[in-house]
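Presented below is the structure to which this report refers.
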Amino acid sequence: MKRHFYLVAGWASLGLGAIGAFLPLLPTVPFVILAAFCFARSSPRLESWLLTHPHFGHHIVAWREKGAISRKGKIAATAAFALSIVLAAIFSPWPWVMVPVVAAVVTGSWIWTRPEGRGEF
């Protein structure tokens, strides 16, 4: 039962990561890292597939080994935060416009304090 839960959670995380590739408010790599975590507990074959994936594999390995995020990843996250703030400023009333600002400050400061991993975004 537990294995099935992790398998479903892994696929759900991978799906959210795929959606996040197209939506500025939803990150991709953290969901792929979560999917690898879930697949490690449910499907060694799927975990191996993610770890050797040419685009995401090095991000997962860097996170697991050092808790590292690449500089390009940090810059991409910051750009996504900026876009979210601009969209909120255009379309959201006060005080809701402050939600992405607070999220950007809190999450962005945490992201920039992580060690830097090698690799492309």
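Derivation of every value follows stated rules applied to the coordinates shown; laboratory data play no part. Quick caveat: nothing in here was measured; it's all calculated off a predicted structure. Here the Cβ positions follow ideal geometry from the backbone for every residue, glycine too, while neighbour counts run over all protein chains shown.
Computed quantities for the displayed model
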{"read-out": "Helix-only CD estimate at 222 nm, as mean residue ellipticity for the chain, using -39500 (n - 2.57) per DSSP H run (n ≥ 4)", "value": "-23000 deg cm²/dmol"}
{"read-out": "Dipole magnitude (debye, nearest 20) for the chain, charges at Cβ of Lys, Arg, Asp, Glu", "value": "320 debye"}
{"read-out": "Charge dipole of the chain about the Cα centre (unit charges at C-beta), most positive-ward option of LEU14, ALA40, ALA62", "value": "ALA40"}
{"read-out": "Computed over the chain, the ratio Rg/Rh where both radii use C-alpha atoms and Rh is Kirkwood", "value": "1.03"}
{"read-out": "Label-point separation in nm, VAL86 to PHE5, each point 7 Å along Cα→Cβ", "value": "4.2 nm"}
{"read-out": "P(r) histogram, all alpha-carbon pairs of region 1-63 included - 5 Å bins from 0, percent", "value": "5, 22, 28, 25, 14, 5, 1"}
{"read-out": "Helix 98-113 vs. the chain, principal-axis angle (Cα, 0 to 90°, nearest 10)", "value": "50 degrees"}
{"read-out": "Extended-chain gain in nm, criterion 0.36 nm per residue less alpha-carbon gap, TRP94 and VAL106", "value": "2.4 nm"}
{"read-out": "Reciprocal of mean inverse Cα separation for region 69-121 (Kirkwood radius, Å)", "value": "11.7 Å"}
